[in-house]
Amino acid sequence: MERTPRKLLEECLERIAARESVVKAFVRLDLAGARASADAATRRLKAGKPLSPIDGCPLAVKDIIATADMPTEMNSPIYKGWRPKADAACVIALRRAGAVIVGKTVTTEFAIGRSGPTTNPCDARRTPGGSSTGSAAAVASGMVLAGLGTQTVGSIIRPASYCGVVGFKPTIGALPTGGIHLLSATFDHLGVIAASVEDAWRVASQVSIGLGNPGVGFLAGAGTSLPAARRPRRLWLLRTRGWKEIDADTRAAFNRAVASLAARGVEMVAPRDAPALADLEAQLERGIDGANDILAYDMRWPYGDYVARYGRLVGPRVRELVTRGVEIDVSEYEALTDERRRMQRVAATALAQCDGLVTLSSSGPAPIGLANTGSRTFASYASWLGLPAFSLPLLTVRGLPVGLQLVGRAGRDAAVCGVARWLTSNLDGST
């Protein structure tokens, strides 16, 4: 039987029916709307007139992203039942591309605070990671093919790592953030969590070209065709402070992947063998702590007003950052953002000498417990600098997934995708 968009959707809905009671990936489902969209996509496909490469693809939307037909609650009691009057820009683009939006997925509070109920599909005792919690869990469970996520520090790369799926955080500003309840215009990225690199790129491309991103730019290389898989000539091994957090099994899994790539003819360069890499690492370590202060300052509005109006209805993490933001004056903030821009130039110079930086996506497998969504250290550097990054499900530690992170040069997203495609074809999760 032909696998139509409606049949694909029903397969996804069967998995939701079987697993959602444990995984708890969704805040809300729109089954009637999804079926109507899938039927329309099926008719277009049979007529030979699909709207895009993702026409009929079942997708999920993180619940800080506005949807006019479903509430957008941001895991906050102060937004309980809130219904936007319009879709976010990215949702409009997906609908125009024919995507089938199945529902809204769980986020931590405002994408940084209190956790939701979602469990890790690989082990229900463990966190799926935050803050794009439900999108990662839904993809890993086969409930959807892809989900929209956002990342301020680690919110796409980390849950993708923990759940064993692909996370794609494009260059900052490459995808439109209109209609997303942002934490920080300085840091927030829109991205995709998907079952494959190819699906992640297709969804991101349609978000970029489907509506545009006036005044900001587009995803480099976005279009209806995929970037060709490309074997990297040289990859630099980034060993920042996160390496103090990992255990011996995680280190061994990473080292096996490095050895496997070297055996395939890729030059794997360690800091001790490249002064420019060693200098980049040192400068990253000197500057990374300023990222949290930039974020805190950026959160003064609207989060300061939320705290003033609603007090302890706002979670402790958000209140803590608001308090810190008030303590930072304009001159300090300007110095921090100047340093960030300087480091972006340093990173561009370094990345011109290789095909990407390789490191871990997380400090190991997902930790047990749902309250703590795990360390963000490994993902923080690419977020601070706004660099494109993929988390690739290529490592296994004690039977659990851990992502291999590939970081590329700003504005070269298609090139990074090409390398990511090659890596996934030449390594597997048992490496």
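The values are calculated or read from the model by the stated rules, or taken from the named source; none is laboratory data. All values derive from a computational prediction rather than experimental measurement. Ideal geometry is used to build each Cβ from the backbone, glycine not excepted, and the neighbour counts take in all protein chains shown.
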Selection from region 255-300 of residues that are under 30 Å from Val314 (Cβ atoms), in contact with a Ser or Thr (Cβ under 7 Å, 6 or more places away or on another chain) and not small (Gly, Ala, Ser): Ile288, Ile294, Leu295, Asp298, Met299
Strands (runs of 3 or more DSSP E) lying entirely in region 133-248 (those with 1 or more residues that are out of contact with any Leu (no Cβ under 9 Å at 6 or more places or on another chain) and closer than 30 Å to Tyr79 by Cβ): 166-169
Given (1) over 17 Å from Asn292 (Cβ atoms); (2) within 21 Å of the chain's Cα centre (by Cα); (3) surrounded by fewer than 23 Cβ atoms within 10 Å (Cβ to Cβ), number of the condition Thr377 does not satisfy: (1)
Complete set of residues in region 361-390 that are at positive phi and in a loop (DSSP other than H, G, I, E, B): Gly364, Gly374, Gly386
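Matching residues to (1) at pLDDT 95 or above; (2) in contact with a strand residue (DSSP E or B) (Cβ under 9 Å, 6 or more places away or on another chain); (3) closer than 30 Å to Thr396 by Cβ; (4) in a helix (DSSP H, G or I):
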{"position": "Glu285", "(1), (2), (3), (4)": "yes, no, yes, yes"}
{"position": "Ile294", "(1), (2), (3), (4)": "yes, no, no, yes"}
{"position": "Tyr297", "(1), (2), (3), (4)": "yes, no, no, yes"}
{"position": "Tyr306", "(1), (2), (3), (4)": "yes, no, no, yes"}
{"position": "Tyr310", "(1), (2), (3), (4)": "yes, no, no, yes"}
{"position": "Glu334", "(1), (2), (3), (4)": "yes, no, no, yes"}
{"position": "Ala348", "(1), (2), (3), (4)": "yes, no, no, yes"}
{"position": "Thr359", "(1), (2), (3), (4)": "yes, yes, yes, no"}
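Going by the conditions given, is Gly418 farther than 19 Å from Gln151 by Cα and buried (at least 24 other Cβ atoms within 10 Å of the Cβ)?
Values: farther than 19 Å from Gln151 by Cα: yes; buried (at least 24 other Cβ atoms within 10 Å of the Cβ): no.
So Gly418 does not fit the description; no.
Can you tell me which residue within region 50-98, out of those that are β-branched (Val, Ile, Thr) and assigned to a loop (DSSP other than H, G, I, E, B), is farthest from Val314 (Cα to Cα)?
Taking region 50-98 and keeping what is β-branched (Val, Ile, Thr), we get 54, 61, 64-65, 67, 72, 78, 91-92.
Add one more test, that the residue is assigned to a loop (DSSP other than H, G, I, E, B), and what stays is 54, 64, 67, 72.
Working: Ile54: 37, Ile64: 15, Thr67: 23, Thr72: 16 Å.
Checked region 50-98; the qualifying residue farthest from Val314 (Cα to Cα) is Ile54.
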Breaking point among (1) assigned to a helix (DSSP H, G or I); (2) among the polar types (S, T, N, Q); (3) touching a strand residue (DSSP E or B) at 6+ places or on another chain (Cβ under 7 Å), for Thr323: (3)
Complete set of residues in region 18-35 that are over 21 Å from Val207 (Cα atoms) and in a helix (DSSP H, G or I): Ala18, Arg19, Glu20, Ser21, Val22, Val23, Leu31, Ala32, Arg35
Contacts under 9 angstrom Cβ, first residue in region 208-228 being closer than 12 Å to Ala93 by Cβ, partner exposed (fewer than 13 other Cβ atoms within 10 Å of the Cβ) and among the hydroxyl-bearing types (Ser, Thr, Tyr), 6 or more apart: Ile209/Thr224
Restricting region 235-265 to residues that are more than 24 Å from Ala200 (Cβ to Cβ) and basic (Lys, Arg), the residue that is surrounded by the most Cβ atoms within 10 Å (Cβ to Cβ): Arg239
Sole exception among (1) more than 25 Å from Gly116 (Cα to Cα); (2) surrounded by 13 or more Cβ atoms within 10 Å (Cβ to Cβ); (3) over 18 Å from the mean Cα position of the chain (by Cα) for Arg345, by number: (2)
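Might you check whether a residue that is loosely packed, with under 12 Cβ neighbours inside 10 Å and closer than 20 Å to Glu245 by Cα occurs anywhere in region 350-369? Full working, then the answer.
Within region 350-369, the subset loosely packed, with under 12 Cβ neighbours inside 10 Å is 352, 368.
Pick out the ones that are also closer than 20 Å to Glu245 by Cα and you get 368.
The answer is yes, given that some residue of region 350-369 is loosely packed, with under 12 Cβ neighbours inside 10 Å and closer than 20 Å to Glu245 by Cα.
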Any hit, region 201-216, residues being of a type in the set (S, T, N, Q), over 15 Å from the mean Cα position of the chain (by Cα) and under 30 Å from Ala274 (Cβ atoms): no
Cβ pairs under 9 Å, 6+ apart, first in region 297-315 and within 10 Å of Ser184 (Cα to Cα), second among the hydrophobic types (A, V, I, L, M, F, W, C) and not in a helix (DSSP H, G or I): Tyr297/Ile328; Asp298/Leu182; Asp298/Leu183; Asp298/Ala185; Asp298/Phe187; Met299/Ile112; Met299/Leu183; Arg300/Ile328
Per-region count, region 212-234, residues over 16 Å from Val197 (Cβ atoms) and in contact with an Asp or Glu (Cβ under 8 Å, 6 or more places away or on another chain): 2
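Among the residues of region 174-189, is there at least one that is among the acidic types (Asp, Glu) and in contact with a helix residue (DSSP H, G or I) (Cβ under 7 Å, 6 or more places away or on another chain)?
Of region 174-189, the ones among the acidic types (Asp, Glu) are 188.
Next, only the ones that are in contact with a helix residue (DSSP H, G or I) (Cβ under 7 Å, 6 or more places away or on another chain) stay: none.
Checked against the condition, which is being among the acidic types (Asp, Glu) and in contact with a helix residue (DSSP H, G or I) (Cβ under 7 Å, 6 or more places away or on another chain), region 174-189 yields no hits at all.
What are the residues in region 181-218 that are among the β-branched types (Val, Ile, Thr) and surrounded by fewer than 24 Cβ atoms within 10 Å (Cβ to Cβ), if any? Spell out the reasoning first.
Step one: filter region 181-218 for residues among the β-branched types (Val, Ile, Thr), giving 186, 192-193, 197, 203, 207, 209, 216.
If the condition is that a residue be among the β-branched types (Val, Ile, Thr) and surrounded by fewer than 24 Cβ atoms within 10 Å (Cβ to Cβ), then Thr186, Ile209, Val216 are the ones that fit.
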Hits in region 222-233 - residues which are farther than 14 Å from Pro53 by Cβ and surrounded by fewer than 21 Cβ atoms within 10 Å (Cβ to Cβ): Ala228, Ala229, Arg230, Arg231, Arg233
